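Here the structure comes first, spelled out in structure tokens, and everything after it is commentary.
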Amino acid sequence: MNKMRIILQLAALYNIIWGAWVVLFPMHFFELTGMEPINHPSIWQGMGMVIGVYGLGYWWASADPITHWPIVVVGMLGKVFGPIGFFFNYSQGAIPFEFFYTLITNDFIWWIPFSYILYKTYQHKKMNVT
């Protein structure tokens, strides 16, 4: 249980920090990657707000990951559908490749830890079925 708590607390801190960065400094990512600045930073800031709110959910779920597994599922779905959306939009020429960098830290590195939590939850629930 302790590993699951630590994973969710790290995810929470990461998401809150990343979300705050995007909300407070919406053009910084574009400057770092050399991308053309966006015309409507409020859309990017909205994404930062959503990511930050996920962080709050992960923090609350860390108190009891087995009970709050649906929060982990929602997070995992976002971490799977986000890259699918990226690859679809990139293949259509709708977004530049540089957005891929966000997938590494926002999505890919969490696949194994979140899968671990969901697997442990499955094992726990399977053992406690009478």
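Throughout, read-outs are computed from the coordinates displayed, never taken from laboratory work. Here the structure is a predicted model, which means the values were calculated and not measured. Cβ coordinates were reconstructed from backbone atoms using ideal geometry, including for glycine residues, and neighbour counts include every protein chain displayed.
Before moving on, here are some points about what is shown:
- Taking the square roots of five times each eigenvalue of the Cα gyration tensor of the chain, the equivalent ellipsoid has semi-axes of 31, 16, 11 Å, listed largest first.
- Each of His68, His124, His40 was scored by other Cβ atoms within 10 Å of its Cβ. Arranged with the fewest first, they read His40, His124, His68.
- Ordering Lys126, Lys79 from the fewest to the most neighbouring beta carbons within 10 Å gives Lys126, Lys79.
- Relative contact order of the chain: 27 percent, from C-alpha pairs under 8 Å at least 6 residues apart in sequence.
- Packing, as the average of other Cβ atoms within 10 Å across residues, places the peptides 27-34, 87-94, 5-12 in the order 5-12, 27-34, 87-94, highest first.
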